[in-house]
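S.K.: Next up is a structure, given as structure tokens.
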Amino acid sequence: MSQSRSFDDIPFVELPPDYQTDLGPFLARTYDRYGPIFRSIFFGDPVVYMVGPEANRFVLTSQRQAFSHRQGWWQVVELFGDGLLTMDGAEHDQHRRMMNPAFTISYMDHYLPIMNRIIRQRTADWAERGVVDVYDEARKITFDVAAEALTGLRAGPEVDEFRNIFVQLLNLGMEAADEDDYQRRLVQLKGRLYELLLPKIQERRQHPTNDVLGMLVQARDDAGQALSDEQLFAHTNILLVAGHETSTSLVSWLLYLLTLHPDYLQRVLAEQAALFDDLAEPTLEAIKRMKVLENALSEAERLYPPVGNGPRGTFEDIEFHGYHVPAGTRVFYSIAASHLIPSIFANPTAFDPDRFAPPREEHKKVPYSLVGFGGGPRICIGTNFAKVEIKAMASQLLRHYQFELVPDQKIVQLYRGTGMPIQGIKMFVSEKQRVFA
């Protein structure tokens, strides 16, 4: 049996200046040169990169107990508290069991009317405005949906304030002048969140509702104890962040890609025409049958995954591909790079949604090759919620409006904790005359 090589033997690479806007292609090229494990320095800290389906399976399934989400997402804990995303081990499993019923595909019928109403209300004036930043507008839609569907907060000035606080927290690391300014603003913003959320939590304790927050208020752990205000605060924050941040990015890139590829857009519209007699709002049954749109969504997920690298920390020493990685190491399994491996995805930089359709189904030939929503036992709990919401949004928007990209924009994905178009995606919007007779 061969002896594993040391941490220092892991190939070392320098990250380029444009790393955050070239993350997937750079790491895919590095994978091609060095294989599925290499290391670097990321913002002053050593980090091990693990790339490809074998690495994804290792982190997400076969050795998942060796990896800590809390260590990986420590900045999320600092900003929003210790919620489902950041919990480890049995604690996570227990809290996930409490939330699972609210995220099954059958429960989406409960959320879809909320989604359809908010999409309709938020987009009603797009044609009148003429030009919209679809990324900025999508954030308003997805946050309103998450706020009402998951926590029972209705759209209005209060939800707008919640959204603005979350955006400020997510941008805090980039915008703070120094560490003192960061800490001062962090305390101020979290304090305001407590002021807004704690009365809502107390109200749910008195009058439980059938949203996720209402379920959590009524839930009891294995010892029969109710969740504390601090736990409910963290869960609510994570639900609101995760419930809108990734969907905002993904639906924006989906609209962008379909606008760039009018031939495939016509196939999407033909599918919509076959499903609807008029401009009716989509039903859950219709959404399940939107296979052409679903393949385009999978291609947007592949090309522009909402999270570029999945962060973890190691609980214990591990060995991967012959290399020793000690406990306490920061690890990124690279989602964006895994999606660009040409031996799995033919011509990987090209927009080709048919790669997901039978008989090709490239993502099924090698398990754990498409991991935009994670995989294994901890696959994103909100996958059904996000995909139903995005397809409902795309269905309504594409049937009602004509989109055209505003010229001379810098449209590039920037990866920080999550991905975002660095300067938004601005489009001309005009209303279609009744498309389906």
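S.K.: Could you give the size of the charge dipole of the chain about its Cα centre, using +1 on the Cβ of each K and R and -1 on the Cβ of each D and E, expressed in debye and rounded to the nearest 20?
M.R.: 840
S.K.: Under 5 Å between amide hydrogens, which residues at least 5 positions from residue 38 or on another chain qualify, with H placed 1.01 Å from N in the peptide plane?
M.R.: When sequence neighbours closer than 5 places are left aside, the close amide H contacts are 49.
S.K.: Let me ask something else about it. Could you run the Karplus curve 6.51 cos²θ - 1.76 cosθ + 1.60 with θ = phi - 60° over the range 393-398 and give me ³J(HN,Hα) per residue in whole Hz, x for Gly and Pro?
M.R.: Per-residue couplings from phi come out as 5, 4, 4, 5, 5, 6 Hz.
S.K.: Give the accessible area for residue 410 in Å² (nearest 10); use a 1.4 Å probe, count only protein heavy atoms, and leave out ligands, DNA and RNA.
M.R.: 110
S.K.: Here's something else I'd like to know. Percent relative contact order of the chain, based on C-alpha pairs within less than 8 angstrom and at least six residues apart?
M.R.: 27
S.K.: Tell me the relative contact order for the range 175-295 as a rounded percent, counting alpha carbon contacts under 8 Å between residues six or more apart.
M.R.: Taking the mean separation of contacting Cα pairs over the length of the range 175-295, I get 13 percent.
S.K.: From the cross-link list 140/291; 387/426; 200/410; 387/410; 365/410; 291/426, which pairs have alpha carbons spaced over 29 Å apart?
M.R.: Where the Cα-Cα span goes over 29 Å, the pairs concerned are 200/410; 365/410.
S.K.: I've got another one for you. How many Å² of accessible area per residue for the range 157-234, probe 1.4 Å?
M.R.: With the other protein chains kept in place, the range 157-234 gives 54 Å² per residue.
S.K.: Given only helices, namely DSSP H runs of n ≥ 4 each adding -39500 (n - 2.57), what is the per-residue ellipticity at 222 nm of the chain, to the nearest 500 deg cm²/dmol?
M.R.: Using -39500 (n - 2.57) per qualifying helix, the result is -15000 deg cm²/dmol.
S.K.: Could you give the size of the charge dipole of the range 8-128 about its Cα centre, using +1 on the Cβ of each K and R and -1 on the Cβ of each D and E, expressed in debye and rounded to the nearest 20?
M.R.: Result for the range 8-128 is approximately 480 debye, rounded to the nearest 20.
S.K.: While we're looking at this one, here's another question. If you take the charge dipole of the range 138-272 about its Cα centre, with +1 on Lys and Arg Cβ and -1 on Asp and Glu Cβ, which of 247, 231, 270 is farthest toward its positive end?
M.R.: Farthest towards the positive end: 270.
S.K.: Around residue 417, what is the net charge, scoring Lys/Arg as +1 and Asp/Glu as -1 over all other residues with Cβ under 12 Å from its Cβ?
M.R.: -1
S.K.: Can you list the residues, at least 5 places off or on another chain, whose amide H is less than 5 Å from the amide H of residue 414, using H built in the peptide plane?
M.R.: 420, 422
S.K.: Largest first, what is the accessible-area ranking of 244, 69, 400 with a 1.4 Å probe?
M.R.: 400, 69, 244
S.K.: What is the log10 of I(q)/I(0) for the range 382-437, computed with the Debye formula using one identical point scatterer on each Cα and no solvent, at q = 0.16, 0.29 Å⁻¹?
M.R.: -0.73, -1.05
S.K.: Could you give me the ³J(HN,Hα) list for the range 31-38, computed from phi with Karplus coefficients 6.51, -1.76, 1.60 and θ = phi - 60°, whole Hz, x at Gly and Pro?
M.R.: Those phi angles translate into 4, 4, 7, 10, x, x, 9, 7 Hz.
S.K.: Please work out whether the chain counts as rounded, prolate or oblate from its C-alpha gyration tensor, where a ≥ b ≥ c are the square roots of the eigenvalues and a/c under 1.5 means rounded, while otherwise a/b larger than b/c means prolate and anything else oblate?
M.R.: It comes out oblate by the Cα gyration axes.
S.K.: Put +1 on the Cβ of each Lys and Arg and -1 on the Cβ of each Asp and Glu in the chain; which of 311, 338, 166 then has its Cα farthest toward the positive end of the dipole?
M.R.: The residue sitting most towards the positive pole is 338.
S.K.: Where the only charges are on Cβ atoms (+1 Lys, Arg; -1 Asp, Glu), what is the dipole of the range 62-143 about its Cα centre, to the nearest 20 debye?
M.R.: For the range 62-143, the charge dipole is close to 200 debye.
S.K.: Using a 1.4 Å probe, how large is the accessible area of residue 215, given in Å² and rounded to the nearest 10?
M.R.: Accessible area, nearest 10 Å²: 50 Å².
S.K.: Can you list the residues, at least 5 places off or on another chain, whose amide H is less than 5 Å from the amide H of residue 5, using H built in the peptide plane?
M.R.: Those lying under 5 Å, H to H, from residue 5 are 323, 324.
The values are calculated or read from the model by the stated rules, or taken from the named source; none is laboratory data. Just so you know, these numbers come straight off a predicted model, no measurement behind them. Heads up, the Cβs are rebuilt from the backbone with ideal geometry, glycines too, and the neighbour counts pull from every protein chain shown. The area values use the complete protein model at the heavy-atom level, side chains included, leaving out ligands, DNA and RNA. Shrake-Rupley method; radii C 1.70, N 1.55, O 1.52, S 1.80 Å.
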